[in-house]
Amino acid sequence: MANYADCPNYLSEFLFYMLTIKGRSQRTVDAYYIDLRTFLRYIKCVKLVNGNPDDPEFFDQLSIRDIPLETVASITLSDVYQFLNYAASDRDNNAKTRSRKVSSIRALFNYLTVKSGVLKTNPVENLEVPSVRKSMPRYLTLEESLELLTHVDPASSSYERDFCIVTLFLNCGMRLSELVGINLYDIRDDTIKLLGKGNKERVIYLNDACRKALDAYLVKRKPAQGVKDRDALFLSSRGTRISPRRVEQIIEECLRNAGLSGQGYSPHKLRHTAATLMYQHGGVDIRVLKEILGHVSLSTTEIYTHVSDRQMEKAAKQSPLSGVAPKKKSKVPKVPDSEDE
């Protein structure tokens, strides 16, 4: 766990509050830290040292440890707007990234005014989140998913592990962090307990493919004496819990073997794939899908209600009016005009 030693006290207290009291995951709190460090570096540049935030060598080396609370208290809504403009124009942050920064800034000021009470006014109380265009999730088709499963390298010593990882992604729709965090005692009969965002637990059910893949892997899993992390389900070659980056590399290799690399697919896209296949081919109700994926809001899950081009084509062909055709006109002999005679 990061100790945030380079943070001023009010920022480190906020981060630990989000981690321990609000129950945010370490990854989420680290994202808060990165966003707020960038924000405070910008504030230091324009308010304290009269530096140039456009100079990356200067900007990225700035310490925020000595930024006093009085400087934070002097921040205005206009300062935040200027920072967001800087993030967009100079750091090439897209709307989604800027939206996350806004959420981080709002959370900090809410803590400083409402929770800790060290500030009297909240300058970002009316700060709006940048509009983010909702795009369709990228996913593999059913045929591509089957192709991916057949291209897990059977000659690899970790074939059973890698095949199990791909199978769980494609069938269960779990997040990368959830898969890496699975412990042996989380598996009971045909269920797995997952630890999702915000440290929220949920239980998902395993189908026959997942059960068979797990059984095959557990037979090959290292014996206890060669394992450093005995609880972890998925292990590295060193006997430690497999890292998220190693899982990403496994997926990248399988995609490359299946001829699907270079299309922006990733473990998270396999989560999209599982959700899409369950909805389109399994007829899973959207509310059930919400629980499977661990979404807080149904609106998040509704993105999977999109339909494929093939389904739209099928719907068009099944229209009750699809057989209507224009009547053929009977040929009438042409009467020549007087000018043609």
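Since every read-out is calculated from the coordinates, none of them should be taken as a lab result. Source: prediction; values computed, not measured. Cβ coordinates were reconstructed from backbone atoms using ideal geometry, including for glycine residues, and neighbour counts include every protein chain displayed.
Which net charge results for the neighbourhood of V296, defined as the other residues with beta-carbon distances under 12 angstrom from its beta-carbon, given Lys and Arg at +1 and Asp and Glu at -1? In short, +3. Per-residue ellipticity at 222 nm from helix content only, as computed over the chain with -39500 (n - 2.57) for each DSSP H run of at least four residues, stands at -14000 deg cm²/dmol. Taking each of K47/K101; K197/K269; K101/K269 in turn, the alpha-carbon distance tops 22 angstrom for K101/K269.
On the beta carbon distance between Y17 and S74, with R0 = 22 Å, the FRET formula returns roughly 0.45.
Dipole magnitude for the chain: computed about the Cα centre from +1 point charges on Lys and Arg Cβ and -1 point charges on Asp and Glu Cβ, it is near 920 debye. Per the Debye formula on identical point scatterers at the alpha carbon atoms of the range 179-239, with no solvent, log10 I(q)/I(0) at q = 0.16, 0.19, 0.22, 0.26 Å⁻¹ is -0.55, -0.76, -0.96, -1.18. Applying the Kirkwood pairwise sum to the alpha-carbon positions of the range 9-115 produces a hydrodynamic radius of 14.3 angstrom.
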